[in-house]
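The structure appears right after this line, and notes come after that.
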2 protein chains.
Amino acid sequence: MWQDLGPVGRAASSGGYFRQPFDSAERECHAWFLQECAARGLEVEADGNGNTVGWWRAPGVAEQPGNAVLTGSHLDSVLDGGAYDGPLGVVSSFAAIDVLRDRGFVPSRPIGVGAFVEEEGSRFGLACLGSRLMTGATTPEQAQELRDRNGVPLLDAMAAAGLEPSLGSSALLNGVGVFVELHVEQGRDLVDRGAAIGVASEIWPHGRFRFDFTGEANHAGTTRMEDRHDPMLTYAMTALAANKQARLSGERATFGRIEAVPNGTNAVPSRVTAWLDARCATDASLERMLAEIEGLGQERAGRDGTSLSVTAESVSRAVGFDADLARRLAVDHTGGDWPIIATQAGHDAGVLSAAGIPTAMLFVRNPTGISHSPAESAEIADCLVGVEALADTLERLAE
Amino acid sequence: MWQDLGPVGRAASSGGYFRQPFDSAERECHAWFLQECAARGLEVEADGNGNTVGWWRAPGVAEQPGNAVLTGSHLDSVLDGGAYDGPLGVVSSFAAIDVLRDRGFVPSRPIGVGAFVEEEGSRFGLACLGSRLMTGATTPEQAQELRDRNGVPLLDAMAAAGLEPSLGSSALLNGVGVFVELHVEQGRDLVDRGAAIGVASEIWPHGRFRFDFTGEANHAGTTRMEDRHDPMLTYAMTALAANKQARLSGERATFGRIEAVPNGTNAVPSRVTAWLDARCATDASLERMLAEIEGLGQERAGRDGTSLSVTAESVSRAVGFDADLARRLAVDHTGGDWPIIATQAGHDAGVLSAAGIPTAMLFVRNPTGISHSPAESAEIADCLVGVEALADTLERLAE
């Protein structure tokens, strides 16, 4: 399966993947998904949001509300992303079904392999769009306003891909009583712990804050340094302060996006806007870190004669996964005693958990710790342990 | 005259001017220029680069190589610029001719009022394009490669404005033996000295350097701070170091333009590119300041695990104006004892001086010290002193 997907949407220059929702590469991945379902006799159901599930229903298994076990992940990538983020969970789900069938296991509940659409938000800017629509976390009205970088609305993009969109809560989740998502780890926690597999405890709170630094445009040659009100300096000090605060607390603070106005080589800027991505262990520590960074920025603004205003563009509270389920997954299979670890990245599993579905995640060790980059990686041996762990999990949940 | 030009190309929102070469606002200024020439009986000559001169030739004045006295400035503005940068020199030139005629002065040499095209480089990116073409500092082949932000080539833009371009050295300068440009001051030197007028000694050396900071793209949530190679941090420290070095030496260093890749809120950047604008009192001190800033950047890059490479995109050596001429202008008119000061901004006068034409500049005090901004200003009283000073200068040079 991995060899089939390998070349799809891969850029020759960087080796990175470009699989944006409803484009040709992502649709090719989706066609592959349908083939794999057909090869295993899974019954395919799709919703009007672009999400798809292939169901393994053993003969005579009763269809009851809340008795289905769902696994799977997503097939889309960030721009210039890695091979594993998303597809590893889908491939491992199919492989786990193969393992269970080899074991002669006959599930007494339906087992579904899901592929959620636009998990990365790389085209329409809203991460976990598919799972958010199906759970109602995002309304159809909100989604209809979304446009990609070329101004193409979501519904038009779906129609251009041959879909018949019908946005909103979908029946796909009606029977689902539990969801398990396997994912490549996006940090180095498992590398440091020497563990091939980890089980998720929670997703850290996550905030995106816009910092607007305002100063006074002026001539870069003739204006004496002491006469300037240069917002770039206030920004630079704030970016260094954010890094320091996050290092001190063992949390995360990043300024990765910046826009200067007028952005001319020979002009002191009138304005610099930069976005802080902050992720902390608790909601309280997120608020505290933001306050510290803003405070240091304001202090510098006072010295530079500039001003700083901070706007929260999105704040996601902590998501705690089902603790009982996590404990059972971590200890209850052959040879495993997997650590239970927090993650700082958003996932469809977080959206389903927030919607009240008992949810768990399995992480596969990533030797580089790098993600959202062509350098993302996983060892084959660890991936095979992941498949076994997922198979064990599904077997226990669907007994 | 000032009232005629006031509304042309002015944005209602900011009060700033948008007079880019060959666009409608700049052409309206050019039409005004022709009207003012006609009203004074000046003979208009244009070259194929878009530069224009109106000549005052008294009856019987012999046309001899090198006997003409040229003044004037430019009519284009930076994006969202002030009212005075350029037009003050052109308006004052016409007014000075009116003063001389009121005095009954009959010049024994031709006196020309020039309007140079694209002094700011705001459309085609190369400052002093008109004077550079007419002196041969820029070749027609180089100029033909220039395109504006919309991809329009220089020649097409000129043709669209109804011109018949013929780029290259022009006969307009053949008879010119001396050039005097009046300009609004772009700093606060004259404010601090309490002088209405200053005379230019030199233009400081000026370099534009591209700083490429390269790191490693990664996930802004899951990547621990200590595992990152974040080029934004290296940039931020370098920007603060540049400011500090320039403050210490009393010179200028500005990072006003920046581009991050991929410039995503949730991604540690793989690359940050920023441009340093540096202006120093001497060529040696420019080199020294660049070396100090680059050294501090390299030191931080070592700590961040990033790399820094610096590319000189343009370096202009110091331009010394005619020292005898400056001394004569500063002392030799009624009531004036004007300071001789350096400027950190480029001017057409610098290009003509570098081409071997004895050249001088007069600056008019700017109360705000702000330039390249709608807040640029000059007092009417100071402007009138400027006209008198320019008239005195032309009278002495054309006797």
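The values are calculated or read from the model by the stated rules, or taken from the named source; none is laboratory data. Keep in mind that what you see is a predicted model, and the values were worked out from it rather than measured. So basically every Cβ, Gly included, is an ideal-geometry build from the backbone, and we count neighbours across all protein chains shown. What goes into the accessible areas is simple: the full protein's heavy atoms, side chains included, and nothing from ligands, DNA or RNA. Shrake-Rupley method; radii C 1.70, N 1.55, O 1.52, S 1.80 Å.
Quick look at the values:
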| item | result |
| --- | --- |
| The protein assembly as shown - share of DSSP beta bridges that are antiparallel (%, nearest 5) | 70 |
| Projected area, mean over directions - the range A:1-130, Cα convex hull, nm² | 8.2 |
| When the convex hull of its Cα atoms is projected in every direction, mean area for the range B:206-316 (nm²) | 6.5 |
| Radius 14 Å from Cβ of A:Ala143, net charge of other residues (Lys, Arg +1; Asp, Glu -1) | -3 |
| Amide H contacts under 5 Å for A:Ser373, placed H, 5+ residues apart | A:Gly82 |
| Computed over the range A:206-316: relative contact order in percent, which uses C-alpha pairs under 8 Å that are six or more apart | 45 |
| Under Karplus coefficients 6.51, -1.76 and 1.60, residue-wise ³J(HN,Hα) of the range A:115-125 in Hz, glycine/proline x | 10, 8, 9, 6, 5, 7, x, 6, 9, 10, x |
| Percentage of interatomic Cα-Cα distances in chain B larger than 27 Å | 54 |
| Calculated SAXS-style log₁₀ I(q)/I(0) at q = 0.13, 0.18, 0.19, 0.24 Å⁻¹ - the range B:159-261, Debye, Cα scatterers | -0.85, -1.05, -1.09, -1.32 |
| A:Thr311-A:Gln64 FRET efficiency (beta carbon distance; Förster radius 41 Å; 0.05 resolution) | 0.30 |
| The range A:275-397 - Debye-derived log10 I(q)/I(0), Cα point model, q = 0.09, 0.15, 0.18 Å⁻¹ | -0.41, -0.88, -1.09 |
| The range B:13-39-the range A:296-368 distance, computed between alpha-carbon centres (Å) | 58 |
| Förster radius 56 Å - calculated FRET efficiency between B:Glu287 and A:Arg193, Cβ distance, rounded to 0.05 | 0.60 |
| Over chain A, relative contact order from alpha-carbon pairs under 8 Å, at least 6 apart, % | 22 |
| Span-like helix ranges in chain A, DSSP H, alpha carbon extent 24 angstrom or more, Kyte mean at least 0.5 | A:380-397 |
| Kirkwood-based Rg to Rh ratio, the range A:106-158, C-alpha trace | 1.13 |
| Shielding score for B:246-256, defined as the mean number of other chain Cβ atoms within 10 Å | 6 |
| Residues with amide H under 5 Å from that of A:Ser201, placed H, sequence gap 5 or more | A:Ile341, A:Ala342, A:Thr343 |
| Charge dipole (chain A, unit charges on Cβ, about Cα centre) - positive-most of A:Gly302, A:Thr138, A:Leu240 | A:Gly302 |
| Cα-centre dipole for the range A:293-399 with unit charges at Cβ (Lys and Arg positive, Asp and Glu negative), debye to 20 | 380 |
| Average beta-carbon neighbours from other chains, 10 Å sphere, peptide B:208-219 | 4 |
| For a label point 7 Å along the Cα-to-beta-carbon line of B:Glu145, residues of the range B:283-317 with backbone N under 19 Å | B:311-316 |
| Summed residue charge, Cβ within 11 Å of B:Ala278's Cβ, Lys/Arg positive, Asp/Glu negative | -1 |
| Accessible-area value, B:Lys244, 1.4 Å probe, nucleic acids and ligands omitted, Å² | 130 |
| Other protein chain Cβ atoms within 10 Å, averaged over every residue that makes up A:264-274 | 6 |
| Accessible area per residue, Å², the range A:199-332 with all protein chains present, probe 1.4 Å | 37 |
| With eigenvalues of the C-alpha gyration tensor scaled by 5 and rooted, the range B:339-391, Å | 22, 16, 9 |
| Environment charge at A:Arg109 (Cβ cut-off 15 Å; Lys +1, Arg +1, Asp -1, Glu -1) | -2 |
| Percent of C-alpha pairs per 20 Å bin, the protein assembly as shown, short to long | 15, 37, 25, 17, 6, 0 |
| Convex hull volume per residue in cubic angstrom - Cα atoms of the range B:212-262 | 87 |
